[in-house]
Amino acid sequence: MLYYFFPKEQTNGTIIHVIILTLLTELAQNCAFVANFSIILRICDKRVSGIYISLLAALTNFSFFIHKTYIFTVVEYFGLFGPQIVISIIALTVNLIFYKRVLAMDNVKKESWWVSDAILCKQKTQ
């Protein structure tokens, strides 16, 4: 939306507006990142949570890097709003498909997410 309404002539107000929106966007993304991992850490078994969180953080950082490598090419070919519309439709469709499945996870006891001691002992003996 910022780029759609961006004026042809830039003023100090425009630059301040862009700086404020960028800071707010980065703050919101950082809060969402911390919230996602705190939810995972609360659910995940504490014995394996460090490895799990490290793996998820690495995959998240890698996905941001991959996204940056191709997004500029896509924008060059299709413009700015075409890919946004396609990605939005895909995201909404996936959310609608998995909505009930995700909500059903609220009814699962937290203990069922844990790795049992029997499995950990079996791994040590092998």
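Flag: ILE90 matches the condition of being out of contact with any helix residue (DSSP H, G or I) (no Cβ under 9 Å at 6 or more places or on another chain), modelled with pLDDT of 80 or more, assigned to a helix (DSSP H, G or I) and under 30 Å from ASN107 (Cβ atoms). Remark: GLU76 falls outside the filter, which requires a residue to be modelled with pLDDT of 80 or more, out of contact with any Leu (no Cβ under 8 Å at 6 or more places or on another chain) and not aliphatic (A, V, I, L, M).
Before we move on, is VAL48 under 22 Å from the mean Cα position of the chain (by Cα), within 30 Å of PHE6 (Cβ to Cβ) and either surrounded by 11 or more Cβ atoms within 10 Å (Cβ to Cβ) or modelled with pLDDT under 75 (or both)? Quick ask: steps written out before the conclusion?
Working: under 22 Å from the mean Cα position of the chain (by Cα): yes; within 30 Å of PHE6 (Cβ to Cβ): no; either surrounded by 11 or more Cβ atoms within 10 Å (Cβ to Cβ) or modelled with pLDDT under 75 (or both): yes.
Judged against the criteria, VAL48 is not a match.
Scanning the stretch 4-45 for residues that are surrounded by 12 or more Cβ atoms within 10 Å (Cβ to Cβ) and either at pLDDT below 70 or farther than 25 Å from ILE85 by Cβ (or both) yields THR14, PHE33, ASN36, PHE37, ILE40, LEU41, ILE43, CYS44, ASP45.
The values are calculated or read from the model by the stated rules, or taken from the named source; none is laboratory data. What you see is a predicted model, and the numbers here were worked out from it, not measured in a lab. Here Cβ is always computed from backbone atoms with ideal geometry, including for glycine, and neighbour counts include all displayed protein chains.
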